Amino acid sequence: MKALQIVKYGEITESLSINEIEKPTVQSKDILVEVKAASLNPIDYKMAQGHLKELLDLDLPVTIGFDVSGVVVEKGNDVTSFEIGDEIYARVPQEQMGTIAEFVTINADKVAKKPENISFEEASGLPLTGLTAIQALEKAGLKEDDRILIHAGSGGVGSFAIQYAKAKGAIVYTTTSSKNVDWVKALGADRVIDYKEEDYKEVANNLDIVFDTLGDDYTFDAFKIIKEGGVVTSIVGPPDEESAKIMGIPDYNLPEQLSNLIEEKSIAYKHTWMQPNAAQLKEIKTMVEEGDIKPTVDLIYEFEDGIDAYEYLATGRAEGKVIISLS
């Protein structure tokens, strides 16, 4: 079968290649999925560029991709939750990475049936971004009437988080660039801040939650606009102790600057290292079918153009998800 693989670390055009590889073998708790669509995520090309070598030890060549939607064509002896022909979607575990391929095996416990009212392409764009947003906002204890700032509202995680937070009854602020203001407003945000025209720190303050999707100074600046007792929840800032354990970082301590900020304002700091979760995928399925969440797809590429798709994603100009279709 054909697969898009990382063959070496470097620039995207040099590190990725479409290769012929063996079809994966189904283990007792796995399903074999004929891939209909797979979505791209920044973590993919960052791995290809070698930026995550210290965290993720890859045995190259390795097939790229974590998000998938498709059809079950074979199942292991212990699998009772799926039947041949079921339409599914998933974010595969790290050890089963490789969704930009004609077939992929997935542990059945990490999979859910895809929403019935959307296409395979739309469904493939939901797992990683959706699970990341849900896990980060659940860690923050998001509830009705919470005032929350979600950075980068036009990104994959941000666009999902806006819709999810609004469905939970929160009051949502978000940042985006001028060209995306109308598009992000349509997602339901109560206040869209054009960061090219406004300083978000002057518009959004005394917040219950800041969802940091950008990192660096944005992580620390969150403490300037959060209320006492609020929560900063991040997916790109320094790990907290819980995430450090998941990431395999021994004897970890929060950076001193961060610890001081937490103590000064009695702020809770949470970091999310997203994990596959079938129950949350089922929640997303329900929300999509009920109209609370709408997939945000920017461009769809054919499998043969997968390298071009990753080059486009790396420009940072995508409005929503970039998808590879194998249908």
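The values are calculated or read from the model by the stated rules, or taken from the named source; none is laboratory data. Predicted model, so just to flag it, every value in this text is computed and none were measured. Cβ placement follows ideal geometry from the backbone for every residue including glycine, while neighbour counts extend to all protein chains displayed.
A few comments on the model shown:
- Taking every residue in the range 104-131 that is among the hydroxyl-bearing types (Ser, Thr, Tyr) and pairing it with any residue that is surrounded by fewer than 21 Cβ atoms within 10 Å (Cβ to Cβ) and in a helix (DSSP H, G or I), at least 6 positions away or on another chain, the pairs with Cβ-Cβ distances below 7 Å are Thr105/Gln96.
Quick grid of which residues meet (1) more than 28 Å from Glu202 (Cβ to Cβ); (2) out of contact with any Lys or Arg (no Cβ under 6 Å at 6 or more places or on another chain); (3) free of Cβ contacts under 8 Å to residues at least 12 places away in the same chain; (4) assigned by TED's automatic domain parsing to the domain that holds Leu142:
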position: Ala222; (1), (2), (3), (4): no, yes, no, yes
position: Lys227; (1), (2), (3), (4): no, yes, no, yes
position: Gly230; (1), (2), (3), (4): no, yes, no, yes
position: Val236; (1), (2), (3), (4): no, yes, no, yes
position: Ser243; (1), (2), (3), (4): yes, yes, no, yes
position: Ile249; (1), (2), (3), (4): yes, yes, yes, yes
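- Of all residues in the range 302-327 being in a loop (DSSP other than H, G, I, E, B) and either free of Cβ contacts under 8 Å to residues at least 12 places away in the same chain or not acidic (Asp, Glu) (or both), the one that is surrounded by the fewest Cβ atoms within 10 Å (Cβ to Cβ): Thr315
- Checking every residue in the range 242-262 against the condition of being surrounded by 14 or more Cβ atoms within 10 Å (Cβ to Cβ) and of a type in the set (Lys, Arg) gives zero matches.
- Here Pro276 clears all of (1) modelled with pLDDT of 95 or more; (2) in contact with a helix residue (DSSP H, G or I) (Cβ under 6 Å, 6 or more places away or on another chain); (3) part of a helix (DSSP H, G or I) except the condition numbered (3).
- Some residue of the range 190-200 being assigned to a strand (DSSP E or B), in contact with a helix residue (DSSP H, G or I) (Cβ under 8 Å, 6 or more places away or on another chain), of a type outside the set (A, V, I, L, M, F, W, C) and under 19 Å from Leu142 (Cα atoms): yes
- Residues of the range 236-286 satisfying the condition of being of a type in the set (Val, Ile, Thr) and within 23 Å of Phe66 (Cβ to Cβ): Val236, Ile246, Ile249, Thr272, Ile284, Thr286
- Of everything in the range 269-296 that is in contact with a strand residue (DSSP E or B) (Cβ under 7 Å, 6 or more places away or on another chain) and surrounded by fewer than 20 Cβ atoms within 10 Å (Cβ to Cβ), the residue that is nearest to Glu122 (Cα to Cα) is Lys282.
- Annotation note: of Glu290, Glu311, Glu304, the sole residue that is at pLDDT 95 or above, more than 21 Å from the chain's Cα centre (by Cα) and closer than 27 Å to Asn180 by Cα is Glu290.
- The one condition in (1) in contact with a helix residue (DSSP H, G or I) (Cβ under 9 Å, 6 or more places away or on another chain); (2) assigned to a loop (DSSP other than H, G, I, E, B); (3) of a type outside the set (Ser, Thr, Tyr); (4) crowded, with 16+ Cβ neighbours inside 10 Å that Val210 fails to fulfil: (2)
- Filtered by the rule that a residue be small (Gly, Ala, Ser) and surrounded by 15 or more Cβ atoms within 10 Å (Cβ to Cβ), the range 218-241 gives Ala222, Gly230, Ser234, Gly237.
- Residues satisfying the stated conditions in the range 10-37, i.e. of a type in the set (D, E, K, R) and out of contact with any Gly (no Cβ under 9 Å at 6 or more places or on another chain): Glu11, Glu14, Glu20, Glu22, Lys23
- Scanning the range 55-75 for residues that are closer than 30 Å to Lys245 by Cβ and in contact with a Ser or Thr (Cβ under 7 Å, 6 or more places away or on another chain) yields Gly65, Phe66, Asp67, Val68.
Rundown of residues vs (1) touching a helix residue (DSSP H, G or I) at 6+ places or on another chain (Cβ under 7 Å); (2) crowded, with 18+ Cβ neighbours inside 10 Å, yes/no style:
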site: Lys23; (1), (2): no, no
site: Lys29; (1), (2): yes, no
site: Val35; (1), (2): no, yes
site: Lys46; (1), (2): no, no
site: Asp59; (1), (2): no, no
site: Glu74; (1), (2): no, no
site: Ala90; (1), (2): yes, yes
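- Check on Leu56, touching a residue at least 12 places away in the same chain (Cβ under 8 Å) and more than 30 Å from Ala165 (Cα to Cα): yes
- Filtered residues of the range 119-142 (kept if assigned by TED's automatic domain parsing to the domain that holds Tyr164, in a helix (DSSP H, G or I) and surrounded by fewer than 22 Cβ atoms within 10 Å (Cβ to Cβ)): Gln135, Glu138, Lys139
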